[in-house]
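No lab work stands behind these numbers, since they all come straight from the coordinates. None of the values given here were measured: they were computed from a predicted structure. Glycine gets a Cβ as well: all are built from the backbone with ideal geometry, and neighbour counts include every protein chain shown.
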Amino acid sequence: MIETTSRRRRVAGVLAALGRLGVALALLAALVGGVGLTAVLSTPPTAPVAGPQPVQELEPAHVSPGSVAPPEQAPIPQSAPGTDPVRQWADRVSADVDIPARALVAYVNADLAMRQYQPGCRISWSTLAGIGRIESDHGRYGGALLREDARPSRPIIGVALNGTPGVRVIGDTDGGALDGDRLYDRAVGPMQFIPSTWRNWATDGNGDGLGDPQNLDDAAMAAARYLCGGGRNMTTGGGWWAAVMSYNNSQEYGQKVFALAERYAAAGSRRS
């Protein structure tokens, strides 16, 4: 979708409003391990992110890998001064897309941050939401609820990566600190980061001084940075598919994310 001048103005207004709300400061905060945002954005991916997906019933799009990217859709939240435009937009869209409003806020803020700090990537909130749906149903996997602090009501921890059929073998890399398993790694949090990958891409997305994979603000921002690694342009078929399949090297996975991103973008456009 070609962005109009009017839309660009409105998106710029959103960025200004987010700055007033302190979100921009949060995204400029130091990352875990003391690595600055500018330096980390250029770091290439070093390991796959996603573990086994808990949601398998989704219908994949009939799209050939690498051919096209999902349509772009810029959120255009508008509100009176002193209010949170992204949250008001999320409240309108939430029921249409079956995504908790708090999850939408996390995805959109990551999108807007990347427009400012790595504009060439052009990652969309709808792609992040597609991944979040497959990985954890937006923090609701296993009956959990996504709380207003952007954390699920109970930690989301994947299966042991122990080499059983259909599962990779990844021995413990964090002493069980993130996943509670001292023998094998397990993907953790709403975006299902493997602990070793989280160590490389951990991000403080909400300005609390911590990078927590169970916090969707942090995890969505880290996922956006990971997907944009290597200078990808996610509006191209090649760039989008390379990014998503670096998250999980599965054609069916990419087709499911594509179908979700396309649906979310259409619904978001209707409510913008």
- Task: Check segment 194-201 and report whether any residue there is buried (at least 24 other Cβ atoms within 10 Å of the Cβ), assigned to a loop (DSSP other than H, G, I, E, B) and not basic (Lys, Arg).
- Result: yes
- Matching residues in segment 142-176 - criterion: being outside any loop (DSSP other than H, G, I, E, B) and exposed (fewer than 15 other Cβ atoms within 10 Å of the Cβ): Gly142, Gly143, Val169, Gly171
- Take segment 82-120 and flag every residue that is part of a helix (DSSP H, G or I), without any contact (Cβ under 8 Å) to a residue 40 or more places away in the chain and under 22 Å from Gln255 (Cα atoms). Leu104, Val108
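Please work out which residue is nearest to Pro195 (Cα to Cα), limiting yourself to segment 209-238 and to residues that are among the charged types (D, E, K, R) and part of a helix (DSSP H, G or I).
It comes out as Asp218.
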- Taking the options Gly189, Gly180, Gly209, Gly268, name whichever one is closer than 22 Å to Gly139 by Cβ, of a type outside the set (Phe, Trp, Tyr) and within 16 Å of the chain's Cα centre (by Cα). Gly189
- Within segment 184-207, can one find any residue that is among the small types (Gly, Ala, Ser), free of Cβ contacts under 8 Å to residues at least 60 places away in the same chain and within 29 Å of Pro70 (Cα to Cα)? yes
- Task: Can you work out which of the residues in segment 222-243 that are farther than 13 Å from Ser67 by Cβ and among the hydrophobic types (A, V, I, L, M, F, W, C) is surrounded by the most Cβ atoms within 10 Å (Cβ to Cβ)?
- Result: Ala223
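Output the residues belonging to segment 121-141 that are β-branched (Val, Ile, Thr) and assigned to a helix (DSSP H, G or I).
Selection gives Thr127, Ile131, Ile134.
From the list Thr173, Thr197, Thr235, Thr203, which residue is over 14 Å from the mean Cα position of the chain (by Cα), under 24 Å from Leu146 (Cα atoms) and among the hydroxyl-bearing types (Ser, Thr, Tyr)?
Working: Thr173 fails: under 24 Å from Leu146 (Cα atoms); Thr235 fails: under 24 Å from Leu146 (Cα atoms); Thr203 fails: over 14 Å from the mean Cα position of the chain (by Cα).
Checking each option against the conditions leaves just Thr197.
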